[in-house]
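**Q** Submitted below is the structure of interest, expressed as structure tokens.
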Amino acid sequence: MVITGYKATRARKLTPGEKQANRVLAAARAPVEHGFGHLKNWRTLTKLRTDPTHATDLLRALLVLTNLEANR
């Protein structure tokens with residue numbers, strides 16, 4: 001399931017509740033987007049030529065290191 005935010009148009013402005021929902025969604029997405037940004041900067045995924053199960057372990061380890069660095 002994909003959760004998307006609300007979109008305003010010229011004819012219909014967002015209600016305060018829809019704006020709040022968009023803020024909550026953006027706050028939840030930010031850490032994930034930052035994590036993928038770090039992986040792209042490190043170019044880890046382009047050099048990965050291994051079994052997908054090992055890739056999952058590698059990505060989890062990199063996410064832990066990223067979180068440790070961000071919290072430092």
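**Q** Can you spot a residue in segment 4-16 that is closer than 30 Å to Glu69 by Cβ and surrounded by 13 or more Cβ atoms within 10 Å (Cβ to Cβ)?
**A** Checking segment 4-16: at least one residue is closer than 30 Å to Glu69 by Cβ and surrounded by 13 or more Cβ atoms within 10 Å (Cβ to Cβ).
**Q** Same structure again: Could you tell me whether segment 21-33 includes any residue that is surrounded by fewer than 10 Cβ atoms within 10 Å (Cβ to Cβ) and in a loop (DSSP other than H, G, I, E, B)?
**A** No, the conditions are met nowhere in segment 21-33.
**Q** Failed condition for Asn41, given (1) open to solvent by less than 80 Å² (accessible area, probe 1.4 Å); (2) polar (S, T, N, Q); (3) modelled with pLDDT of 75 or more, with all others met?
**A** Condition (1) is where Asn41 drops out.
**Q** Let me ask something else about it. Among the numbered criteria (1) part of a helix (DSSP H, G or I); (2) among the polar types (S, T, N, Q); (3) surrounded by 10 or more Cβ atoms within 10 Å (Cβ to Cβ); (4) modelled with pLDDT under 75, which single criterion is violated by Thr46?
**A** (3)
**Q** Are there any pairs with C-beta distances below 8 angstrom linking a residue in segment 22-42 that is farther than 13 Å from Ala70 by Cα to a residue that is at pLDDT 80 or above and open to solvent by less than 100 Å² (accessible area, probe 1.4 Å), with the two at least 6 apart or on different chains, and if so which?
**A** Pairs found: Asn22/Gly5; Asn22/Leu14; Leu25/Gly5; Ala26/Gly5.
The values are calculated or read from the model by the stated rules, or taken from the named source; none is laboratory data. No experiment lies behind these values; they were computed from the predicted model shown. Virtual Cβ from ideal backbone geometry, glycine too; neighbours counted across all protein chains shown. Remember, those area values only see protein heavy atoms, side chains included, never the ligands or the DNA or RNA. Shrake-Rupley method; radii C 1.70, N 1.55, O 1.52, S 1.80 Å.
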